[in-house]
Amino acid sequence: MLYLRLIRRFIAISIHEMAAYRSNFWISVLNALLELGAGVLALVILFEQVETLNGWTLPGVLALLGVYLTLGALRALFIGPSLEALAGMDGEVWSGKLDFTLVRPVDVQFLASFRTWRPLKLLDLALGLGVLFIAVAQLGHSLTFADVLSFVIVLAAGLLILYAILLAFAGLVFWSPGFLFTWLFDAFFQMARYPVGFYPGWLRLVLTWVIPVAVMTTIPAQALLGDLSPLSLLSSLLVALIFLAGATAIFLTGLRRYASASS
Amino acid sequence: MNFRGGWALIRATWLSWLQYRSFFFLLAFGWMIPPLIYLFVWSTAAGEGSIGGLTRGGFVAYYLLLILVNQLTYAQTNWTVGDIIRYGGMNKQLLRPLAPIFDTLSSEIAGKVVYMLFVIPLTALLALLLRPELHIAPGAGGAFIPALMMAWALRFFWGYWLALLAFWSARADALLALQDTLTFLLAGQVAPVMLLPGGIRALATVLPFRYMISFPVEVLMGQVQGRALWQGFAWQAGWLAVAVILFALVWRAGVRQYAAVGG
């Protein structure tokens, strides 16, 4: 498999690059711990005041926080930095360096999605999974194999949707270079920290159907709590496939518009 | 001090910032989101009843005011001054017959005006949609103005002295990350300070972060009254004095050992 070999190479190169910035390690440890601490404390403060909120208890929202941190870590591990190198501030579309990427004998979408890795984010991933395990232990009911399986499926669907949205936004940069679409998305993604049920009705609709952050975190957390309907599972898979197809189309159409840039 | 030159600089900076409005609107939108999330979460939690004396409409009013105050006092010097020092841009500023603080002040004013062009209409729209309930205690308006002005000055000088640490270490980022987390937890963002659990509330009262953002809002909404009000003002003034002294000391020591790199 050429693509797997390439990914291995990309990771190796990223590790070499990272080794040059050793003090970054501690800053990244500190950042990960701060984000975790602030996230957990925010939930504890909220549930000091209320017992349950729209059917969610503290362990339930903690599981959701675990899903949120895990998805965020996976994004920061490779999807984010790879697409950022293409479409971010001073990215290749902006500077015209995309020429060199286009002439490589590999699929452009693959290169754009897997090229740059941040191995330090494995720590964030470990913390996110840790929160998940602790939350599940706190829930106090044992998970069946079916629960775990459906959790993994909807989590994968969530990751696909996250990837698709970021890819689509990277594609939009071809129309409007310089507009930082991912910043706009980041704002909405932060809302995925809480179950969609915590938001007013109109926002809930937006977060389910327009920018489906609900599908990314609320549904996987429901799977862990054991109240996931088969309909939710199917629709989350369906949404993932639709988003992936749409995003690929946007990206490839945008790519065709690319007319380079020079200084 | 050369005030005419200072004014010309302020005007020039303002005009140049206006050219980047979409970028700054995006930034301002990103800063609005965390308080907005907690606005929704707490007003859902309050439901038909009230939490700690705040009803749903009370939480809406509190967080909308917090968004405005946060935007007005936001310390953009955190990142701009640090970068100017790191990339050697301080050379130019030091050679001018103007104190470099004019440069900072001019981007401060320019920035705040541009952000407000975006934030005030948006907050007004949200207020129409979400129906806040604001009862301003008699005399609270008079206390609000000095609290707000001191909050701005405190956050400005606090951010400035932290940013000046860039004279010594290329990365004061770890400190800034820590400060962001403390601001999130202690400055009334995650919850109004009066709803924080005992230990954290005590910390919020003693540390400077609350006095940069949420204190003016608490004053206006009558959440701090009588003795607590005067104690709050005392803490705020005390921290402001500390911040100004730290700024003066760090500035003097930093400029002396500043050596530019790059060209």
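The values are calculated or read from the model by the stated rules, or taken from the named source; none is laboratory data. Being a predicted model, the structure only gives us computed values, none of them experimental. Methodologically, a virtual Cβ is constructed for each residue, glycine included, from the backbone with ideal geometry; neighbour enumeration extends over all protein chains shown.
Test of understanding: among A:Ala240, A:Ala223, which residue is surrounded by 13 or more Cβ atoms within 10 Å (Cβ to Cβ), touching a Ser or Thr at 6+ places or on another chain (Cβ under 6 Å) and either of a type in the set (A, V, I, L, M, F, W, C) or assigned to a helix (DSSP H, G or I) (or both)?
Values: A:Ala240 fails: touching a Ser or Thr at 6+ places or on another chain (Cβ under 6 Å).
Only one candidate passes the filter, namely A:Ala223.
Yes or no: A:Leu77 within 13 Å of A:Leu120 (Cβ to Cβ), crowded, with 19+ Cβ neighbours inside 10 Å and either more than 10 Å from chain B (Cβ to nearest Cβ) or touching a strand residue (DSSP E or B) at 6+ places or on another chain (Cβ under 6 Å) (or both)?
yes
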Go through B:Gly232, B:Gly222 for me and flag whichever is buried (at least 16 other Cβ atoms within 10 Å of the Cβ), touching a His at 6+ places or on another chain (Cβ under 8 Å) and farther than 15 Å from A:Leu41 by Cα. B:Gly222
Restricting to region A:43-59, what's the tally of residues that are facing chain B (nearest Cβ under 10 Å), free of Cβ contacts under 8 Å to residues at least 24 places away in the same chain and not β-branched (Val, Ile, Thr)? 5
Among (1) at pLDDT 85 or above; (2) surrounded by fewer than 21 Cβ atoms within 10 Å (Cβ to Cβ), there is one condition A:Leu155 misses while meeting the rest; what is its number? (2)
Any residue in region A:1-27 that's under 27 Å from B:Ala174 (Cα atoms): show its pairings with residues that are β-branched (Val, Ile, Thr) at Cβ separation under 8 Å, as long as the two are six or more apart or on different chains. A:Ser14/A:Thr116
If a residue has to be within 14 Å of chain A (Cβ to nearest Cβ), touching a residue at least 24 places away in the same chain (Cβ under 8 Å) and assigned to a loop (DSSP other than H, G, I, E, B) to count, how many in region B:166-221 make the cut? 9
Specify which of the listed residues (A:Tyr21, A:Tyr3) is facing another protein chain (nearest Cβ under 10 Å) and surrounded by fewer than 16 Cβ atoms within 10 Å (Cβ to Cβ). A:Tyr21
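Hey, any hits in region B:224-235 for a residue that's within 14 Å of chain A (Cβ to nearest Cβ) and aliphatic (A, V, I, L, M)?
Step one: list which residues in region B:224-235 are within 14 Å of chain A (Cβ to nearest Cβ), which gives none.
Looking for residues that are within 14 Å of chain A (Cβ to nearest Cβ) and aliphatic (A, V, I, L, M), one finds none in region B:224-235, hence no.
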When (1) closer than 30 Å to B:Tyr258 by Cα; (2) surrounded by fewer than 18 Cβ atoms within 10 Å (Cβ to Cβ) are applied to B:Met116, the one that fails is (1)
Residues of region A:86-101 being surrounded by fewer than 20 Cβ atoms within 10 Å (Cβ to Cβ) and without any contact (Cβ under 8 Å) to a residue 60 or more places away in the chain, in sequence order, are A:Asp90, A:Lys97, A:Phe100, A:Thr101
Filter region A:190-217 for residues that are part of a helix (DSSP H, G or I), more than 14 Å from chain B (Cβ to nearest Cβ) and in contact (Cβ under 8 Å) with a residue 12 or more places away in the chain and give the result. A:Thr208, A:Val215, A:Met216
